[in-house]
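Only one structure is covered here, and it is reproduced in the block below.
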Amino acid sequence: MADVSVKTNPKQSRSMLEVAVDKIWRFFTSVRNAVYEIAFLTLLVLIGTLRGSSVPQWIADTIPALQPLVDRWYAWDVWRSSLFAITLAIIAVAIVICTLNRLPGIWTTITNPKVSTSRGFLRGAETNAVYTLTGTHEDILGSIERVLKGKRYRVLTERVGDETHFYADKNRFSNLGTFPFHIGLILILVGGIVASVYGFRDNEFIIPEGSRRNVGHGTGLSVELNRFRDNWSAVGVPIDYVSDITVYEDGRPVKSGSVRVNGPLSYGNATFYQSSFGIAAHLTIVDSSGNMVFSDAVDLGLFTKRDNPDQPAGVARLPQENAQLVVIGPDSDPFNAPELDTMQLQSGQLWVSLESLGESTDVTGSGGEGVVLTQGQPTRVGDYTVTFEREGRFSVLQVGYNPGIPIFIISVFWVLGGLIITFYFPHRRVRGIISDGPDGTTASIAPLAKRDWSGKREFFTLVEKWNETLGTKPAIRLPANATDYDYLRAHENDAGI
Amino acid sequence: MDGLVRFSFYAFAASSMAIIAAAIAYVVFGVGRVRVLRQTLATSTGHTVTSSQLHQEAGPIGFARWGLMLTWFGMFFAGVAIVTRWIAAGHFPISNMYEYSLVFLFSITLMYIVFERAYGVRQLGAIVMPIAAGMTLYIWSLDPNMREVNPLIPALQAGWIMPFHVGSFNLAYATFAVAFAAAILFLVAERTNAKWLPSAEMLDDVAFRAVSVGFPLFTLGLILGSVWAHDAWGVYWQWDPKETAALFTWLVYGVYLHTRTLRGWRGRRSAYVLLFGFAATAFTYYGNYFFGGLHAYGGV
């Protein structure tokens with residue numbers, strides 16, 4: 001009986017973890033998936049953008065059955081949704097993994113490209129140029145090289161048997177341009193996250209003229225509006241408005257300056273931006289014991305009377321009294337819907353109504369009992385004496401601290417630099433073989449420009465220069481679209497073309 | 001109107017006439033002409049047989065040359081209109097849709113001339129110049145009060161940032177119009193193999209080059225807008241509808257750039273993405289008409 005031994009070669013099996021990592025890696029490095037991810041993000045951005053327009057309602061008006069869907073559309077805050085955040089996160093992870101995946105190959109192309117080529121490549125290229133020459137390989141290569149170096153190409157050569165192979169390229173480092181661009185995009189996201197976690201923002205920091213307000217947010221700062229100035233054009237459009245402020249830190253004045261639109265003022269971890277402004281009424285409120293419980297400006301205009309939007313309104317809060325005073329000013333545009341002005345307040349008058357603190361502010365004035373104040377005249381309102389001292393202004397500032405700004409600035413340079421390098425310095429390559437044949441020495445050269453019209457055009461400018469240097473014209477393998485190239489149209493009657 | 005403002009308007013009127021005439025010339029050239037080739041054959045029975053063949057070819061080259069010359073005039077007069085209005089207003093004129101569209105007229109004619117010189121594809125004019133002509137008609141339809149120069153509202157008093165922010169977008173939109181035209185011609189060339197059109201490969205290259213110019217410009221516009229937003233409002237992105245519409249357009253062209261490296265997507269599908277991209281561009285351009293938000297001070 002033969003002694004049979006069975007050689008086993010156990011198939012190397014991968015662990016489930018390796019398989020999973022490999023699948024995840026392929027998912028994130030797939031350009032096809034990247035296209036789908038970006039397309040999905042684009043769709044979310046479109047949905048969120050239209051939410052800020054009347055387009056969804058127009059859709060519902062056209063197809064009433066879609067009204068419930070449109071209502072949900074308007075109600076869905078896309079930008080703060082988990083779906084949006086997850087999509088951004090997936091794209092960010094894909095960028096990182098793609099970068100890690102592509103970097104080694106690109107670095108090899110830059111530092112150590114394959115020089116030798118094959119005749120199959122040269123024959124199969126969409127176009128090529130074959131020169132038949134006399135001379136040594138060194139002389140011919142030198143002529144070819146001179147032209148290439150004149151056009152900023154790097155030239156690498158290799159002897160393969162009796163042949164001289166060469167590889168030439170320019171703008172090789174532009175292959176790296178995609179990395180700073182994509183990483184810059186991630187940095188923008190990082191900057192946004194840093195700002196939202198470690199920064200703060202107050203969109204409506206209101207200060208009446210002559211008043212001081214605390215900034216809060218742990219800054220220890222307060223701001224006094226010394227003066228508000230504005231300039232108007234002849235057609236009633238504001239052309240400038242400026243808040244002259246003093247910043248206090250722990251009660252001490254530390255900085256004074258002006259804040260205007262596009263001209264913020266910074267101190268410490270706070271920057272003040274001019275947003276808007278309005279009218280304020282300076283009131284004093286004295287209780288029945290003669291104690292002053294309120295002496296400050298009430299900004300009018302952040303609210304309006306509910307049944308007359310031309311009447312500015314405000315609220316003076318008296319937390320220690322568990323009360324608030326609703327204040328309504330005169331109609332600012334008496335010619336617009338005069339029938340709505342039921343109060344008929346004159347200049348220098350205000351309508352006020354006392355309410356409990358926290359009660360929903362009824363700024364209609366229509367149901368509540370109110371009292372008309374005349375400027376300078378103390379008037380009894382409930383248990384208090386209220387005096388309308390004078391009219392003033394209030395400024396609405398925005399206050400914020402954004403620690404993500406340095407990250408954003410760095411990312412800007414990366415994004416723009418990456419784009420410029422990628423698009424304006426395309427990587428161009430040619431390969432060639434110089435060999436001896438029965439008719440002399442031939443130099444066969446082809447560009448790496450598959451479906452790249454500009455690459456082939458550049459190749460033909462090199463051919464033009466080689467013709468001058470080598471003193472002869474090559475046989476050209478015509479691309480399918482030969483008439484698109486100036487060189488080929490100019491030389492269409494030349495032998496070999 | 002102030003004398004200089006009136007002069008600016010007349011320069012715009014001259015520009016619009018030149019651009020409309022250029023559009024007509026390019027369309028005549030681009031549509032081409034149909035020649036009927038007739039062949040008569042004598043048969044062995046003594047009868048004759050006549051066959052007619054329709055043969056399409058490019059229009060007379062003279063129309064394209066006229067079109068280019070008129071485009072140069074259109075660009076020059078639009079430039080005069082902008083400069084004179086700039087002097088009259090004391091600021092770069094992009095504070096309302098009249099001024100913004102006037103600058104776009106200059107941009108689109110400039111970009112068209114650049115690409116025609118670079119590639120020699122005159123048929124692009126048959127699409128780009130009608131877009132420019134449409135823009136001139138849009139400008140004529142605007143409220144005449146927009147032709148008056150008014151002081152800038154405080155939000156638009158931003159020094160150098162405003163012209164560079166708006167100008168970057170303007171130039172980007174113009175190059176996207178060229179890419180749109182190239183995409184249409186690509187689809188025609190690919191389907192019909194028309195001999196009077198350049199190859200689909202060349203047109204694909206034109207479209208890609210246009211986007212490779214426009215996309216960085218568009219990105220610059222977004223970045224400058226963020227810088228300006230930070231100076232004005234303390235935050236560099238507020239999810240304002242005009243901002244997100246611009247982001248939407250930017251992402252569409254981002255999709256396009258990725259599809260060009262994807263097997264099966266390069267070529268026809270990429271061209272369709274460009275058509276959609278131009279629709280997105282128009283959506284962003286005219287967004288002020290239906291968006292509220294922080295950019296709603298364009299005088300629309």
### Query
What list do you get for B:Ser8, A:Ser82, A:Ser258 if you sort them by fewest beta carbons within 10 Å?
A:Ser82, A:Ser258, B:Ser8
### Task
Output ³J(HN,Hα) for region B:254-270: one whole-Hz value per residue in order, computed from phi by the Karplus curve 6.51 cos²θ - 1.76 cosθ + 1.60 with θ = phi - 60°, and x for Gly and Pro.
x, 4, 4, 5, 6, 5, 5, 9, 9, 4, x, 9, 5, x, 5, 5, 4
### Query
If contacts are Cα pairs under 8 angstrom and at least 6 residues apart, what is the relative contact order of chain B in percent?
18
### Query
Comparing B:Val49, B:Val206, B:Val83, which has the greatest mean-square fluctuation in the GNM of chain B with Cα pairs linked when under 10 Å apart?
B:Val49
### Query
How much mean residue ellipticity at 222 nm does the protein assembly as shown get from its helices, if each DSSP H run of length 4 or more adds -39500 (n - 2.57) and you divide by all residues, to the nearest 500 deg cm²/dmol?
-16000 deg cm²/dmol
### Query
If you bin every alpha carbon distance in the protein assembly as shown into 20 Å steps from zero, what whole percent lands in each bin?
12, 34, 31, 15, 6, 1, 0
### For region A:158-240, convex hull volume per residue from C-alpha positions, Å³
234
### Task
List every residue whose amide H lies under 5 Å from the amide H of A:Val298, counting only residues 5 or more places away in sequence or on a different chain, with H placed 1.01 Å from N in the peptide plane.
A:Ala281, A:His282, A:Leu283
### Summary
Averaged over the residues of A:34-46, the number of partner chain Cβ atoms within 10 Å of each residue's own Cβ comes to 6
### Query
What are the extents of the Cα atoms of region B:63-203 along their three principal axes, listed from largest to smallest and rounded to whole Å?
55, 27, 25
### For peptides A:439-446, B:137-144, sequence by mean Cβ density within 10 Å, most packed first
A:439-446, B:137-144
### Query
In chain A, which whole DSSP H runs stretch at least 18 Å along their own axis (Cα) and average -0.5 or higher on the Kyte-Doolittle scale?
A:16-29, A:31-51, A:82-111, A:137-150, A:178-198, A:405-424
### Message
I'd like the mean, over residues of A:449-460, of how many other protein chain beta carbons sit within 10 Å of each residue's own Cβ.
### Response
3
### Query
Can you give me the Cα centroid spacing of region A:408-429 and region B:177-230 in angstrom?
19
#### Entry: Net charge, B:Gly234 excluded, C-beta distance under 11 Å - Lys, Arg +1, Asp, Glu -1
-1
### Task
State the volume of the convex hull built on the alpha-carbon positions of region A:42-161, expressed per residue in Å³ and rounded to an integer.
237
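Taking the Cβ of A:Glu209 as the centre, find all other residues whose Cβ is under 14 Å away and add up their charges (Lys, Arg: +1; Asp, Glu: -1).
-1
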### Query
Which ³J(HN,Hα) values, rounded to whole Hz and listed in residue order, are derived for region A:342-357 from phi using the Karplus coefficients 6.51, -1.76 and 1.60 in 6.51 cos²θ - 1.76 cosθ + 1.60 with θ = phi - 60°, glycine and proline given as x?
7, 7, 6, 6, 9, 4, x, 10, 9, 9, 10, 9, 8, 9, 6, 5
### Residues of type lysines that A:Lys473 reaches as a straight line, Cα spacing below 26 Å, ignoring anything fewer than 8 places off in the same chain
A:Lys149, A:Lys151, A:Lys170, A:Lys450, A:Lys456, A:Lys465
### Query
Using Cα pairs under 8 angstrom and six or more residues apart, how large is the relative contact order of region B:152-300, in percent?
26
### Query
Averaged over peptide A:266-276, how many Cβ atoms belonging to another chain are found within 10 Å of each residue's Cβ?
2
### Summary
Any residue on another chain or 5+ positions along whose placed amide H is under 5 Å from the amide H of A:Thr304 is listed here as A:Ala313
#### Entry: Average Cα contact separation per residue, chain A, under 8 Å, 6 or more apart, as relative contact order %
20
### Query
Which aspartates and glutamates, on any chain, are close to A:Lys305 with Cα under 17 Å apart, when same-chain ones fewer than 8 places away are left out?
A:Asp331, A:Asp333, A:Glu339, A:Asp341, A:Glu355, A:Glu359, A:Asp362, A:Glu369
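Using only Cα atoms, what Kirkwood radius does region A:16-103 have, in angstroms?
Over region A:16-103, the inverse of the mean reciprocal pair distance is 15.2 Å.
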### Summary
Expected sort for A:Asp341, A:Asp77 with the fewest Cβ neighbours (10 Å cutoff) up front is A:Asp77, A:Asp341
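Quick one: net charge of B:Leu197's neighbours, Cβ under 12 Å, K/R +1, D/E -1? Please report the intermediate quantities before stating the final value.
On the way: positive: B:Arg122, B:Arg191, B:Lys195; negative: A:Asp484, B:Glu57, B:Glu190, B:Glu201.
Surrounding charge for B:Leu197 is -1.
Give, rounded to the nearest 20 debye, the magnitude of the charge dipole that region B:67-224 has about its Cα centre when Lys and Arg contribute +1 at Cβ and Asp and Glu contribute -1 at Cβ.
200
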### Query
Based on the Cβ-Cβ distance from A:Arg489 to A:Trp107, what FRET efficiency comes out when R0 is 30 Å, to the nearest 0.05?
0.15
### Task
Starting with the highest mean, order B:210-217, A:388-395 by the number of other Cβ atoms within 10 Å, averaged over the residues of each peptide.
B:210-217, A:388-395
### Task
Calculate the dipole size of the protein assembly as shown relative to its Cα centre from +1 charges on Lys and Arg beta carbons and -1 charges on Asp and Glu beta carbons; express the result in debye to the nearest 20.
4160
### Task
Mind pulling up the Rg/Rh value for chain B? Radius of gyration and Kirkwood radius, both on Cα.
1.08
#### Entry: Whole-angstrom gap from region A:259-298 to region B:101-116, using each part's C-alpha centre
50
#### Entry: Amide H partners (placed H, <5 Å) of A:Thr342, local residues excluded
none
### Query
Would you list A:Lys473, A:Lys151, A:Lys305 from fewest to most Cβ contacts within 10 Å?
A:Lys151, A:Lys473, A:Lys305
### Query
Short version: ³J(HN,Hα) in whole Hz for each residue of region B:14-23, in order, from phi by Karplus 6.51 cos²θ - 1.76 cosθ + 1.60 (θ = phi - 60°), x for Gly and Pro, what are they?
5, 4, 5, 5, 5, 5, 5, 5, 4, 4
### Task
Could you work out the mean projected area of the convex hull around the alpha carbons of region B:152-300, in square nanometres to one decimal?
9.6
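Readers should treat all values here as calculations from the given coordinates under stated rules, not as data from a laboratory. Being a predicted model, the structure only gives us computed values, none of them experimental. Note that we place each Cβ from the backbone using ideal geometry, even for glycine, and neighbour counts take in every protein chain shown.
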